[in-house]
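The values are calculated or read from the model by the stated rules, or taken from the named source; none is laboratory data. All of these numbers come straight from a predicted model, not from anything done at the bench. Please note: Cβ atoms are built from the backbone with ideal geometry, for glycine as well, and neighbour counts cover all protein chains shown.
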Amino acid sequence: MQIALVNHSTKLSNDDLNTIARVLNFQMQYHAGPAWDLKPASVACYRSEASVPASSKKLLAFDNADQAGALGYHDETPTGEVYGKVFVQTILQYGGVPLHGPLSVAATFSHEALEMWRDPHINEWAQGPNGKLYAIELGDPVENDYYDVPVGSQKVSVSNFALPAWFDAAKLAGARYDYMGKLHAPFSMTAGGYMIVMAGGKVSEVFGESYPDWKRPGKTHKAARTFKRLQQSQK
């Protein structure tokens with residue numbers, strides 16, 4: 001998969017977006033790809049959407065969220081074109097910065113890129129205990145956790161992400177459930193995370209104890225993954 005970053009934001013410099021692309025490539029090549037034993041996505045910046053190759057998935061920076069509470073999301077068009085959006089001004093409004101910290105533009109790009117890569121069509125589930133299904137969303141269970149990747153003299157933040165063992169109810173001895181090692185069991189989450197769960201054909205959200213109230217509406221709009229998965233479950 002190729003992921004194309006395009007800047008439509010007046011609040012994010014092109015230099016910062018290029019730095020984010022470098023960091024995402026590093027994370028994909030050295031962390032996510034090996035951890036999942038999958039070919040990593042490649043990430044590159046483009047000056048305009050028109051210049052993006054047809055084979056690439058677009059991940060676009062805008063200023064303001066088009067849905068309340070959304071910092072970013074990925075979706076697909078009715079014709080199956082996968083794309084994502086990150087909302088820079090909205091991130092800054094809630095105290096974030098471009099390159100560093102859990103509430104940063106860089107970490108949000110990382111979260112969306114990882115999930116576009118692993119489940120681009122937003123339709124995969126893992127069998128959990130008690131007959132429940134858990135959405136395969138790499139960033140959600142550890143949404144508020146990040147780690148830094150050095151780029152020259154800078155430290156740029158990327159999103160923590162769930163590993164394959166998180167989606168396996170067997171709970172193998174010595175298994176690692178997320179890249180940073182914060183979780184200790186499958187289908188668990190950190191205090192700032194959340195999960196999409198299906199039980200008896202009904203899709204619901206489970207939020208961590210510290211998940212901010214202001215972010216919750218961003219999970220239920222029509223482009224949000226929970227809404228998409230609810231629609232799919234009713235087909």
Worksheet item: Cβ-Cβ below 7 Å, separation at least six or inter-chain, first residue in region 121-136 and without any contact (Cβ under 8 Å) to a residue 40 or more places away in the chain and closer than 21 Å to Val82 by Cα, second β-branched (Val, Ile, Thr) and assigned to a loop (DSSP other than H, G, I, E, B): which pairs?
Response: Glu124/Ile136
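Across region 137-154, what is the total count of residues that are exposed (fewer than 15 other Cβ atoms within 10 Å of the Cβ) and without any contact (Cβ under 8 Å) to a residue 60 or more places away in the chain?
Here is the first cut: in region 137-154, the residues exposed (fewer than 15 other Cβ atoms within 10 Å of the Cβ) are 150, 152-154.
Among the residues that remain, those that are also without any contact (Cβ under 8 Å) to a residue 60 or more places away in the chain are: 150, 152-153.
Within region 137-154, residues that are exposed (fewer than 15 other Cβ atoms within 10 Å of the Cβ) and without any contact (Cβ under 8 Å) to a residue 60 or more places away in the chain number 3.
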Discussion item. Every residue in region 92-119 that is within 19 Å of Cys45 (Cα to Cα) and either surrounded by fewer than 16 Cβ atoms within 10 Å (Cβ to Cβ) or in contact with a His (Cβ under 8 Å, 6 or more places away or on another chain) (or both), please.
Written reply: Ala106, Glu112, Glu115, Met116
Worksheet item: Filter region 161-174 for residues that are farther than 20 Å from Glu124 by Cα and either among the aliphatic types (A, V, I, L, M) or assigned to a strand (DSSP E or B) (or both); which is farthest from the chain's Cα centre (by Cα)?
Response: Ala173
Item to complete: Could you run through region 169-185 and say how many residues are in contact (Cβ under 8 Å) with a residue 40 or more places away in the chain and either under 18 Å from Glu115 (Cα atoms) or buried (at least 21 other Cβ atoms within 10 Å of the Cβ) (or both)?
Response: 2
Worksheet entry | Residues that are among the hydrophobic types (A, V, I, L, M, F, W, C) and under 14 Å from His111 (Cα atoms), drawn from region 139-170 | Val142, Val156, Val158, Phe161, Ala162, Leu163
Item to complete: Quick one: which strands (runs of 3 or more DSSP E) lie wholly within region 45-160 and hold at least 2 residues that are basic (Lys, Arg) and touching a strand residue (DSSP E or B) at 6+ places or on another chain (Cβ under 7 Å)?
Response: 57-62
Worksheet item: When you go through (1) under 17 Å from the mean Cα position of the chain (by Cα); (2) closer than 24 Å to Ala70 by Cα; (3) part of a loop (DSSP other than H, G, I, E, B); (4) of a type outside the set (Lys, Arg) one by one for Ser210, which number turns out not to apply?
Response: (1)
Worksheet item: Counting just the residues of region 192-203 that are assigned to a loop (DSSP other than H, G, I, E, B) and either in contact (Cβ under 8 Å) with a residue 60 or more places away in the chain or more than 17 Å from the chain's Cα centre (by Cα) (or both), which one comes out surrounded by the most Cβ atoms within 10 Å (Cβ to Cβ)?
Response: Gly192
Discussion item. I'd like to check something: does region 38-51 contain any residue that is closer than 20 Å to Asp140 by Cα, surrounded by fewer than 19 Cβ atoms within 10 Å (Cβ to Cβ) and of a type outside the set (Gly, Ala, Ser)?
Written reply: yes
Response to the item:
All conditions in (1) of a type in the set (Phe, Trp, Tyr); (2) at pLDDT 95 or above; (3) surrounded by fewer than 19 Cβ atoms within 10 Å (Cβ to Cβ) are true of Trp166 except (3)
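For region 157-178, how many residues meet the condition of being closer than 13 Å to Val142 by Cα and out of contact with any helix residue (DSSP H, G or I) (no Cβ under 6 Å at 6 or more places or on another chain)?
In the first step, residues of region 157-178 are kept if they are closer than 13 Å to Val142 by Cα; the result is 158-163, 166, 177-178.
From what is left, the residues that are out of contact with any helix residue (DSSP H, G or I) (no Cβ under 6 Å at 6 or more places or on another chain) are 166.
Qualifying residue count for the region: 1.
Would you point out the residue of region 52-77, among those that are among the hydroxyl-bearing types (Ser, Thr, Tyr) and buried (at least 18 other Cβ atoms within 10 Å of the Cβ), that is nearest to Val105 (Cα to Cα)?
It comes out as Tyr73.
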Worksheet item: Given the conditions (1) in a loop (DSSP other than H, G, I, E, B); (2) basic (Lys, Arg); (3) touching a residue at least 60 places away in the same chain (Cβ under 8 Å), which single one is not true for Lys39?
Response: (3)
